[in-house]
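Notes to accompany the following structure.
Derivation of every value follows stated rules applied to the coordinates shown; laboratory data play no part. Here the structure is a predicted model, which means the values were calculated and not measured. All Cβ positions, even for glycine, are placed from backbone atoms using ideal geometry, and neighbour counts span all protein chains on display.
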Amino acid sequence: MAIEIEQPCVGLSKVAVSETHGEDSPYFAGWKAYDENPYDETTNPSGVIQMGLAENQVSFDLLEKYLEEHSEASSWGKGSVSGFRENALFQDYHGLLSFRKAMASFMEQVRGGRAKFDPNRVVLTAGATAANELLTFILADPGDALLVPTPYYPGFDRDLRWRTGVKIVPIHCDSSNNFQITTPALEAAYSEAESMNIKVRGVLITNPSNPLGATVQRSVLEDILDFVTRKNIHLVSDEIYSGSVFSSSEFISVAEILEARQYKNSERVHIVYSLSKDLGLPGFRVGTIYSYNDKVVTTARRMSSFTLISSQTQHLLASMLSDKCFTENYIKINRERLRKRYDMIIEGLRSAGIDCLKGNAGLFCWMNLSPFLEKPTREGELALWNSMVHEVKLNISPGSSCHCSEPGWFRVCFANMSEQTLEVALKRIHNFMVKKRSE
Amino acid sequence: MRLIVPLQGVVQGRGGLILGSLIPCALFYFLQVYLKRRRPRNPSLKPPPSPSHSSSNLVELQRSSSRSNLSSRGSIGTVQVSSRASSIAKPNDSPYYIGLDKVAAGGPYDRLDNPNGVIQLGLSENRLCFDLIEKWVSEKFAGSILGTESGNLNISGIAAYQPCDGLIELKMAMAGFMSRIMGRSVSIDPSQIVLTSGATPAIEILSFCLADQGNAFLVPTPYYPGFDRDVRWRPGVELIPIHCRSTDNFTLNITVLDQAFTQAKKRGVKVRGILISNPANPVGNLLSRETICSILEFAQEKNIHVISDEIFAGSIYGSEEFVSMAEIIEAEDFDKNRVHIIYGLSKDLSLPGFRVGVIYSHNEVVLAAAKRLTRFSSISAPTQQLIIPMILDTKFIEEYIETSRRRTRHMYEIFVAGLNQIGIKCAKSSAGFYCWADMRGLIPSYSEKDELELWDKLLNVAKINVTPGSACHCIEPGWFRCCFTTLTADDIPVVIDRIQRVVETCKS
C-alpha cells in the first residue's frame, strides 16, 4: 500500500500573497457584479450598468476621423513598411523623440499654452499606473510614506504601496469646504506620520481630483507647494484628467505656478500624465512622468525599462498628437461633450432629489447620498451601496473605498456609456429614490 | 547623507567617467563584498540596463545628466530621492555601455557612409529576416500600423481597458506559437499564460512573486547582464553566481550548484530559486535533457523554484535538440508548481520595440499575483492586434523560423570560420545571435584587468564593440560575446581584419 507523503508547498513571496493589491475591496467587488450581469441596450436591458469605470468614450469618432484622413499617421512611415524594421527594433527607454515632443506639445495645449514642457524631461511609461508606482519607488524607501488627500482613487492603495512597501498617510478633507486640501490638514497628516515614526517623502495630489471631479484652486496649489518646500519633500501632481476640464480657464496646473515662480524649488515637483482619460485610450498604455528633477528623470528613464510603451504605439500617436490643429479641436470638442454629459447627469440627479459636489472636470461626479443612509456610518454607506448594485443595478463607487472620511458619498461615472444608457441609469435612480421616499 | 553628496556631483556631470567609476566602485565593492569574484580589480556590480537596448540610450543619458541641455530646468536642490533611486541614478561604467556610447558617438559603421565607424557586435539584435516580416505586414495590413485593413479603423474596439494580462485571443495565439517553437510535444495552456510588456518585466514580476527582499536566486555564469537589473534593483533579490567553466563548455554542474546553496544557507541567505537561460546567453549552448532533470531534482529536494528564460527558443541554428522545461515537466513527474518559463517576441521575431513578453506557469497563486502585477506592464492594444494574426499565421511563422535558422547558421559559420583563421576559437553553441569567443590567448595575464584592456583595444583600435565576459560575470577572464546578426556577409571580412590587427599587437 502506497504511503502518501505530502509534498511541501514551494513558498511564495510576501508580495505574491499579500492583500495589498486591494482587489477585495468593494470598489472591485462591484465590478464583479457587473461582469456577471453586464447591461446591454438590446440583449440585456436589465443588467448592471457600469458607472464605476472612469473611461472616456465620448470622442472616439474624432480619433477615427483623424486617422482616416491622415493615412500617413497610421502607416509605418513614408507610406510603406520601410520604417517598420527600425520601429520594431527600437526599444530605447528614452522613447521616440518625435513622440516625446508630441506629448510635451499636447500637454502644453491641454493647459492652453500657459505652461511649457521640455521633451527632454518627458519619461514614458506604460500607463499612469506605472508612472505613479515608478515615482514612488524613486522618491521613497520601503516604510516611508506619501501623504495623499482623501478621498482618493482606490487604485493608489495598490499602485503606491504594493511592491514599493511605501505607506499612504491620508490628508483628511471634508465637505465643509468642498473637500479642499488645507494647510492644517497637511500639517496634521505630517505630524501623524511623525508620531508613528514614519518618514514622509512627499505629497501626491490628483488635479483635477478623482473622485471629486473638481480642479484644485490656485491658492491651494500655492499652499501645497509652500508646504512641501518647507518640509523639503516631493510633490507629485497626477494631472491625468487635465484635458477633461469642462472649461479651459478653470484648470491651473502646478506647472504654471512653477513657471510663475521661475522654477525656484521646482526640483521637488513631478507631474504624471496619460492618454487614458483625455484621449480615451487606456488600452494603448501611454503614460508619462514629467519631472523638474534631473536625477529623477535619469532614474525614471532607466526604471521605465520595465514598462516601455510599444514603439508601434509611439509611432502611431506621434504625428497625431503633434498636429496642433487636430489636438486643439479635439480638446475643445471633448471638453464640450463631457460638460454636456455632466450637465445631464447633474440635472437628472437633481430631479431625483440628489445633490452632487460642484464639479468642473473629469469623467464622474461626486454624489451625496448621506441624507439617505439608514445610519451615518460606513456600514450604512455599504448597505446603501449594496442596494444600488443589486437592486438598482448600477455599479457606482462607494466613498469608503476612496477613504472618504464622511460616509454617504459615491463616485458616479458618466462618460463610459451612450447617452441612452445614461438616461436609463438616471431613470433607475429616479425610481429608486421615489420608492425610498415612500417607505 | 555622506553617500548622497559626492554622488550628486557625479550625476550632475561634473565628475567625468573616471570619477563616475571610482566612487561607485568603492561603495559597491564595500557593499557587495560577498558577491566579489576572485579578480584583481572588481568593477562595480551595479545594475546596467539590458544589453539589447540600442546605443542611443547611453548617449542621451550623458546629455540629460548635464544641466545646460534642459530649458525648463529646476535647480538640483537638496530634496532627497530614495536609496533605491540613488544607486540606480549613478552613471553606468560597465564596459558594455561605454562601448555602446562609443558606437553612437562616432556613428556606427557603414560600408559606404562611415567605413571607419565602430562595428556593433555588442547588441543582441537580429536583422537577418526583416524582409519577411515587412512583406507580411505589407500584404496583410497594407502597411497600416493599426493592424487592420485600411479604411476599417475601429478605435473604440482597441481603445478600451483590456485585461491587463493580455487579450485571451493573444494568449491563445501565443500558446499555439510557443508550442510550435518549443517542440511539438509540448502543449501550452493559454490560461496559464500572463502577457507582459516584454520579457524584462516578466523576469522582474517573477522575482517579486517568488522571493522576498534579501532572498536569493542561484544563477549559472556567464549570464545575461540584464538579470542584475531585473532581479536585484526593485525586487531586491540577490543573484548568487554558479560558475561554469570552459572545460565542460560552460555546462552547469550540480555539485557546484549544491555547494553554492549550502554556502548561502550558512551565510543566512535564503535561496528561493534557480534562474537559468535555455538557450543560454552569452554562451549560446543548450541545456541537455539530463541537466534539466538534475536541476528539477535539485529544486525539488531543496523545495525552491526554477525560472527558465527560454527567449531564444526559436533561434536555434545548430543541430542540437532544444528541450524546453515545459516538455520535461509534462513528460516527467516533477512538481509543476515550482517551474516558471519566460518567453517573448524580442528575439525570435525581432520585435523588441513592440514589448511582448510571456510568463508561463502552472502555479495558480503565482499566476494570480503575476496577472495583477501586469497592470504596471501591459502590452499595448494596437500591438496585440498586430501580433495576433501574425503568430496565428502558421505558414508564415514556419517559413520565418526556418529562414531565420538558415541565415543565422550561415552567418555563424562564416563568422566563426573567420575567427578561427586568425587563431580565435569559439565555445560550442547552437543558438542565439552571438558566439562566445575565446581570446584568453591574447591577454598577457589571466585577469579581468587584462580582459578589459583587450576590450578597450578592440573598441578603440580595432573599432569593434564586443561584450567582455566580466560584464556577464564569467569566472574565466578572456571570453567575449560577439553578435553577428546585425552584419551582412560582406561585413564579416572587415570585422575579422580589424580583430586581426589587434591580435597581431597582442602577440608582439
Please identify, among A:GLY287, A:GLY83, A:GLY165, the residue showing maximal mean-square fluctuation in a Gaussian network model of chain A using a 10 angstrom Cα cutoff.
A:GLY83
Can you give the FRET efficiency for B:SER83 and A:ASN44, using 1/(1 + (r/R0)^6), R0 = 56 Å, r = Cβ-Cβ distance, to the nearest 0.05?
0.60
In whole angstrom, largest first, the equivalent ellipsoid semi-axes that the Cα gyration tensor gives for region B:188-277 are 23, 17, 12
Checking region A:214-303 for trypsin sites (Lys or Arg not before Pro) in a loop per DSSP with at most 16 other beta-carbon atoms within 10 Å yields A:ARG261, A:LYS264
Highest mean first, what order results for B:270-283, B:177-190 on Cβ atoms within 10 Å?
B:270-283, B:177-190
Listed by chain and number, the aspartates and glutamates with an alpha carbon less than 19 angstrom from that of A:LYS231, same-chain partners under 8 positions apart left out, are A:ASP141, A:ASP144, A:GLU187, A:GLU192, A:GLU194, A:GLU222, A:ASP223, A:GLU267
Per-residue mean of other chain beta-carbon atoms within 10 angstrom of the beta-carbon, peptide B:441-447?
0
How far apart, in nm, are the 7 Å Cα→Cβ label points at A:GLU86 and B:ARG406?
3.0 nm
Local charge sum around A:ILE240 (other residues, Cβ-Cβ under 10 Å, Lys/Arg +1, Asp/Glu -1)?
-2
For A:LYS324, net neighbour charge (Lys/Arg +1, Asp/Glu -1) across residues whose Cβ lies under 14 Å away
0
Whether region A:322-434 is rounded, prolate or oblate, judged on the alpha carbon gyration tensor where a/c under 1.5 counts as rounded
prolate
Give the average, rounded to an integer, of partner chain Cβ atoms located within 10 angstrom of each Cβ in B:129-137.
3
Pop the C-beta distance of A:GLU419 and B:ALA368 into the FRET formula with R0 = 25 Å and round what comes out to the nearest 0.05.
0.10
For A:LYS65 and A:ASP355 in one chain, what is 0.36 nm times their gap in residues minus the Cα-Cα distance, to one decimal in nm?
100.7 nm
Hey, got the average number of other protein chain Cβ atoms within 10 angstrom for residues in A:130-139?
4
Starting from the 7 Å offset along Cα-to-Cβ, what nm value, one decimal, do you get for the label separation of B:LYS270 and A:ALA260?
5.3 nm
Given R₀ = 51 Å, FRET efficiency for B:THR251-A:ASN197 by Cβ-Cβ distance, to 0.05?
0.50
Rounded to one decimal in nm, the spacing of the 7 Å Cα→Cβ label points at B:GLU290 and B:ARG501 is 4.6 nm
Net lengthening on full extension, A:HIS390/A:SER247 (0.36 nm per residue, minus Cα-Cα)
47.9 nm
Using per-residue counts of other Cβ atoms within 10 Å, averaged over each peptide, order A:143-151, B:406-414 from highest down.
A:143-151, B:406-414
Charge dipole magnitude, Cβ of K and R +1, D and E -1 - the protein assembly as shown, Cα centre, debye nearest 20:
2600 debye
What the 10 Å binned alpha carbon P(r) of the protein assembly as shown shows, as percent of pairs per bin from 0, is 2, 12, 21, 25, 21, 12, 6, 2, 0, 0, 0
DSSP H segments from chain A that extend 30 Å or more along their own axis, Cα-based, with Kyte-Doolittle mean of -1.0 or above:
A:324-351
Unsatisfied cross-links (Cα-Cα over 27 Å) in the set B:LYS90/B:LYS428; A:LYS167/A:LYS340; A:LYS332/A:LYS393; A:LYS277/B:LYS371
B:LYS90/B:LYS428; A:LYS167/A:LYS340; A:LYS332/A:LYS393
What ranking do A:119-131, A:401-413 get when scored by the average of other Cβ atoms within 10 Å per residue, highest first?
A:119-131, A:401-413
Expressed in angstrom and rounded, the centroid-to-centroid distance over alpha carbons for region A:81-115 and region B:251-302 is 43 Å
For chain A, the Cα gyration tensor yields equivalent-ellipsoid semi-axes (√(5λ), largest first, whole Å) of 33, 28, 26
